[in-house]
Amino acid sequence: IMNTMPFDAVSVGNHEFDYGVDNMVKQLSRAHFPILLGNVFYTN
């Protein structure tokens, strides 16, 4: 749904982690817009 809306960018908040990091990475990889994220360290 979000890919059909005219977002300039979105930011990641605490609730994006509710279903685990693996799920968040999977969902965000589908985005067709920039994602802003800070203060998170992820190796993979």
Practice task
Rounded to the nearest 500, what is the 222 nm mean residue ellipticity of the chain from helices alone, with -39500 (n - 2.57) per DSSP H run of 4+ residues and division by all residues?
Solution key: -5000 deg cm²/dmol
Problem - Convex hull volume per residue in cubic angstrom - Cα atoms of the chain - result: 84
Completion exercise
Ordered by number, the chymotrypsin sites (Phe, Trp or Tyr not before Pro) in the chain that occupy a DSSP loop and have at most 13 other Cβ atoms within 10 Å are Phe7, Tyr19, Phe41, Tyr42
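Rule-based calculations on the coordinates, nothing more; no lab input. None of the values given here were measured: they were computed from a predicted structure. Counting neighbours? That spans all protein chains shown, and the Cβs are built from the backbone with ideal geometry, glycine included.
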